[in-house]
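Peer 1: The following block contains the structure, expressed as structure tokens.
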Amino acid sequence: MLWIFVLQVLVLPCAGAVPQEQSTALALFYQALNGPLWKDNTNWLSGDPCAPGASWYGLLGRNGVGCTGDIVAINFVDNGLDGTLPEIFSLFNSTERILLRDDNIRGSMPSSFFLMDSLTDLELANLHLSGTLPTTMGARSTLRSLRVSSKFLYLGRISGSIPPSIGELTNLEVLQFRYTDLDPTFPPGMSNLTNMVEFNMYSTMSFPGNPPPGMYPFPDFFCLYPHLQVLAMELTSFSSTLPSCLGTLSEMYVLKLNANRLSGEMPTEIGNLEKLILLEVSNNSFEGTVPKEWRGLTRLTEMRLDRNLLSGTLPPELEKLTMLQTLVISSNQFSGSFPSEWKTLTRLLYMYLSSNYLDGSLPTGICGFPEISNAYFDQNRFSGSIPPCYGEISTLKVLTLASNDLEGVLPSFADSGLLSLIVNSNNLSGSLPYLPKTIVSVAMIGNSLSGSIPEQWLRDKQLSMLVVLDIQRNALSGSISPELLRYPYLRNLYVNNNRFSGHFQSEDACN
């Protein structure tokens, strides 16, 4: 009965009606993707697909709303589409944009996408597509944007190689392949795509062990893209050095190369990228120092260099990066003191210096950072006392100083806005510090703290937000007030290996 109804609709004469072959193709699309169960299937299979005021849901005109003549765009996002895509799209010669996102669309990518005469933008995002990319990819040169991604945890993803025909897409400006199993090799025609503005590849391809060094060299065709603004290549198993010619891409403002096997020294030429805002090269095998030439990155707001083999001292010249908001250099081999010149980085919100060999005093410059939120200085060799001003930073939420050589007494943190304070495994002495009402987690394991639980911790449930309190392995004494156990959110209390006396009644622990 359904097909009889569809044919009756398609033969109705109507001025400006969608061509019959397109209406038939749309009916196939509806059937193949379980149209009756879509979240919104308004007007589908009823009248002309682009009838004025009654167009079929998801078919758009040039004004961005329902089509009234040509179908300019096909747009479905999280609409309950379920099934495989039929080979129908070459019939839509006036359609310019197709967006299919966040649905249960599976199977191979139809080759007919790339036989559409007017298609400029194709986005197939967060779907269940599998198989290989169509060899027809370069059959039409109108395409300006191609975005393809699979659901992150979906096992059947697009795989194989990028077809050589991609080199015919000379108008392409945006190319994204995310959460795919595409081979990290590229056809020679990639050098033809000189209009590229954004290149984004995030692979999930698994290899049986590490590939030999140089097996997947980082491509240098990017250096032929003079308009490139965004280059993101993550989890792609490149195992070579970075080409210095990247420093010639003067329009670049995002460079993300996380989780590859890149090695060698960081090119000094990156310092020429004056428009760069985001630099991420985490989880590689880069060696050497941070080039002082990077002082030219004066617009940089985020720099992530963590989990590499970088060493040497931190260059004072980076004091010029006054727009920096996030600095992540943890899990490297940096040594020496924290540059006092970096006190100019007053826009910093997040500082991650963990797991290096930094020594000397803790940086006091952060006390003048008006918006500093997270400071991770743990697992270094910082010595001396904790600056008293650390306890007066109202914006600071997380302070982690564990596993250093710090000594002296802890300052009062009563006037701070801390949520988490971790000072484990140092040589701190004196009494427990005053804490702010905002505190959620405290860890002071393995120091030489002495004295009793401060009255301030108990008074009127001052620490009512406390969830974790770990003060093991110190020299604390006295009794532990039952009031501490009556904090409403306290779930983890560790006080062993101290000199506390007395015991708790069972009813104390239950209230």
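Peer 1: Based on C-alpha coordinates, I'd like the Rg and Dmax of the range 416-481, in Å.
Peer 2: When restricted to the Cα atoms of the range 416-481, Rg and Dmax are 11.3, 31 Å.
Peer 1: Pull out the extension gain between Asp78 and Lys292, defined as 0.36 nm times the separation in residues minus the alpha carbon to alpha carbon distance; nm, one decimal.
Peer 2: Between Asp78 and Lys292, full extension yields an extra 72.3 nm.
Peer 1: With every protein chain left in place, what is the accessible area per residue of the chain in square angstrom, probe 1.4 Å? Walk me through the intermediate numbers first.
Peer 2: Numbers: 21550 Å² over 511 residues.
I get 42 Å² per residue for this part.
Peer 1: Something else about it: Please report how far the C-alpha centroid of the range 42-84 lies from that of the range 308-363, rounded to the nearest whole angstrom.
Peer 2: Spelled out, the Cα-based centre of one part sits 54 Å from the other.
Peer 1: OK, next. Seen from all sides and averaged, what is the projected area of the convex hull of the Cα atoms in the range 293-345, in nm²? If you can, show how the numbers build up before the last one.
Peer 2: Values: hull surface 13.5 nm².
For the Cα atoms of the range 293-345, the hull's average projected area reads 3.4 nm².
Peer 1: With point charges of +1 on the Cβ of Lys and Arg and -1 on the Cβ of Asp and Glu, referenced to the Cα centre of the range 45-176, which listed residue (Ser112, Leu129, Ser94) lies farthest in the positive direction of the dipole?
Peer 2: Leu129
Peer 1: Once the Cβ-Cβ distance between Val468 and Glu251 is put in as r, and R0 is 60 Å, what FRET efficiency do you end up with, to the nearest 0.05?
Peer 2: Once rounded, the FRET efficiency stands at 0.80.
Peer 1: Something else about it: At Val65 and Ser383, where each label point lies 7 Å from the Cα along Cα→Cβ, what is the point-to-point distance in nanometres?
Peer 2: So the two model labels end up 7.3 nm from each other.
Peer 1: So, counting K/R as plus one and D/E as minus one, what does the shell of residues with Cβ under 13 Å around Thr241 add up to?
Peer 2: Counting the neighbours of Thr241, the net charge comes to -3.
Peer 1: Taking only Cα atoms, what is the 0 to 90° angle, nearest 10, from helix 20-32's long axis to the longest principal axis of the chain?
Peer 2: Result, in degrees: 40.
Peer 1: I'd like the distance between the alpha-carbon centres of the range 15-35 and the range 439-508, rounded to an integer number of Å.
Peer 2: 70
Peer 1: So how far apart, in nm, are the two label points at Ile277 and Thr395 if each is 7 Å from Cα heading toward Cβ?
Peer 2: 1.9
Peer 1: Then there's this: Counting only DSSP beta bridges with both residues in the chain, what percent are antiparallel, rounded to the nearest 5? Before the final figure, lay out the partial values.
Peer 2: Numbers: 3 of 98 bridges.
Of the beta bridges lying entirely in the chain, close to 5 percent run antiparallel.
Peer 1: Follow-up. Gain in length, Gln31 to Asp415, computed as 0.36 nm per residue apart minus the alpha-carbon separation, to one decimal in nm? Present the calculation step by step, with values, prior to reporting the outcome.
Peer 2: On the way: separation 384, 0.36 × 384 = 138.24 nm, distance 6.44 nm.
Once the chain is fully extended between Gln31 and Asp415, it gains 131.8 nm.
Peer 1: Same structure again: Give me the percent of accessible area attributable to carbon and sulfur for the range 41-189, probe 1.4 angstrom.
Peer 2: Numbers: 2740 of 5640 Å².
Exposed carbon and sulfur together represent 49 percent of the surface.
Peer 1: Expressed in nm to one decimal, what extension gain is obtained for the pair Ala54 and Arg499 from 0.36 nm per residue of sequence separation less their Cα-Cα distance? Please list the in-between numbers first.
Peer 2: Details: separation 445, 0.36 × 445 = 160.20 nm, distance 7.94 nm.
Result for the pair: 152.3 nm of gain on full extension.
Peer 1: Then there's this: Whole-Hz Karplus ³J(HN,Hα) for the range 383-395, in order, using 6.51 cos²θ - 1.76 cosθ + 1.60 and θ = phi - 60°, x for Gly and Pro?
Peer 2: Karplus values, whole Hz, x for Gly and Pro: 10, x, 9, 7, x, x, 5, 4, x, 10, 8, 5, 8.
Peer 1: Turning to a different aspect of this structure: Got a number for the accessible area of Cys389? Probe 1.4 Å, square angstrom, nearest 10.
Peer 2: Only protein atoms counted, so the area is about 40 Å².
Peer 1: Which percent of the accessible area of the range 383-481 is formed by carbon and sulfur heavy atoms (probe 1.4 angstrom)?
Peer 2: 49
Peer 1: Of the labelled options (i) 933; (ii) 196; (iii) 236, which one gives volume of the Cα convex hull per residue in Å³ as computed for this structure?
Peer 2: From the options (i) 933; (ii) 196; (iii) 236, the structure gives (ii).
Peer 1: May I ask for the net charge around Val440, where only other residues with Cβ less than 13 Å from the Cβ of Val440 are counted and Lys, Arg are +1 while Asp, Glu are -1?
Peer 2: Net charge in that neighbourhood comes out at +2.
Peer 1: Excluding ligands and nucleic acids, what accessible area in Å² is computed for Phe186 using a 1.4 Å probe, to the nearest 10?
Peer 2: Its accessible surface works out to 40 Å², give or take rounding.
Peer 1: Work out how far the C-alpha atoms of the range 41-169 reach from end to end along every principal axis, then list the three figures in whole Å, largest first.
Peer 2: Computed over the range 41-169, the largest-to-smallest principal extents equal 44, 32, 21 Å.
Peer 1: Not counting ligands, DNA or RNA, and with a 1.4 Å probe, what is Ser244's accessible surface area in Å² rounded to the nearest 10?
Peer 2: Result for Ser244: roughly 60 Å² accessible.
Peer 1: So what are the three principal axis dimensions of the range 95-204 from its Cα atoms, in whole Å, longest to shortest?
Peer 2: Sorted largest first, the three principal extents are 33, 31, 23 Å.
Peer 1: Roughly what would the spin-label model give for Thr364 and Asp405, points 7 Å off Cα along C-beta, in nm?
Peer 2: Each label point lies 7 Å from its Cα, and together they span 2.0 nm.
Peer 1: Rounded, prolate or oblate: which one fits the range 344-419, using the alpha carbon gyration tensor with axes a ≥ b ≥ c (rounded when a/c is under 1.5, else prolate when a/b beats b/c, else oblate)? Don't skip to the end; give the middle numbers.
Peer 2: Working: a/c = 1.71, a/b = 1.24, b/c = 1.37.
It comes out oblate by the Cα gyration axes.
The values are calculated or read from the model by the stated rules, or taken from the named source; none is laboratory data. The shown structure was predicted, so the numbers you read here are calculated from the model rather than taken from an experiment. Don't worry about glycine lacking a Cβ; one is built from the backbone with ideal geometry, like all the others, and counts go over all protein chains shown. All accessible areas refer to the heavy atoms of the entire protein, side chains included, with ligands and DNA or RNA removed. Shrake-Rupley method; radii C 1.70, N 1.55, O 1.52, S 1.80 Å.
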